[in-house]
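To keep things clear, I will list the structure first and then write my remarks on it.
The values are calculated or read from the model by the stated rules, or taken from the named source; none is laboratory data. Fair warning: this is a prediction, and the values are worked out from it, not measured in the lab. Cβ atoms come from the backbone with ideal geometry, glycine included; neighbour counts cover every protein chain shown. These accessible areas exclude ligands, DNA and RNA; they are computed on the full protein's heavy atoms, side chains included. Shrake-Rupley method; radii C 1.70, N 1.55, O 1.52, S 1.80 Å.
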Amino acid sequence: MSLRGKQKRFLRSKAHHLQPIFQIGKGGINSAMIVQIEEALEKRELIKVSLLQNTDEIAEEAAQVLEKEIDCEIVQIIGRVIVLYKPSTKEKYQRLSNEVKAI
């Protein structure tokens, strides 16, 4: 599942108004956090994850780990904020993914 340019642009516009709901801190990325991010993506389809100042993680590397572990798409990385997208498997949460498919 690879997003085209127009689809990424659409998702970036939707993510602009979102607040980060996960923060990666000193502990880095652990398995519990990956499970929680995966559950949030299932319900919301588009989320922001921020890296705190005290973390040793680099945004690009953290994004690659999340993309590989969760099988999601990296929409955008701005500074210490990562925007992730994954279409929901449940039909009742598929508002955004239906719009993305139409583009």
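Observations on the structure shown:
- Solvent exposure of the chain as accessible area per residue, Å², 1.4 Å probe: 62
- Converting phi to 3J(HN,Hα) with the Karplus coefficients 6.51, -1.76 and 1.60 and the offset θ = phi - 60°, the stretch 7-21 yields 5, 5, 4, 4, 5, 4, 5, 6, 7, 3, 8, 7, 9, x, 9 Hz in sequence order, with x at every glycine or proline.
- Phi-based couplings in Hz for the stretch 37-46 (Karplus 6.51, -1.76, 1.60; Gly and Pro marked x): 5, 5, 5, 5, 5, 4, 8, 9, 6, 9
- Antiparallel DSSP beta bridges within the chain, percent to nearest 5: 75
- Relative contact order, percent, the chain [alpha-carbon distance under 8 Å, six or more residues apart]: 31
- Rounded to the nearest 20 debye, the dipole magnitude of the chain is 620 debye, with +1 charges on Lys and Arg beta carbons, -1 on Asp and Glu beta carbons, and the Cα centre as origin.
- Compactness relative to 2.2 N^0.38 Å, alpha carbon Rg of the chain: 1.02
- Backbone N atoms of the stretch 1-29 closer than 19 Å to the 7 Å Cα→Cβ label point of K92 are not found in any residue.
- Accessible area of the chain belonging to carbon and sulfur atoms, whole % at 1.4 Å probe: 47
- Across the options L52, I77, L18, the greatest Cα extent toward the positive end of the charge dipole of the chain (unit charges at beta carbon of Lys, Arg, Asp, Glu) belongs to L18.
- Taking θ as phi - 60° and the Karplus parameters 6.51, -1.76 and 1.60, the scalar couplings of the stretch 85-92 work out to 9, 8, x, 6, 8, 8, 4, 5 Hz in sequence order, x denoting glycine and proline.
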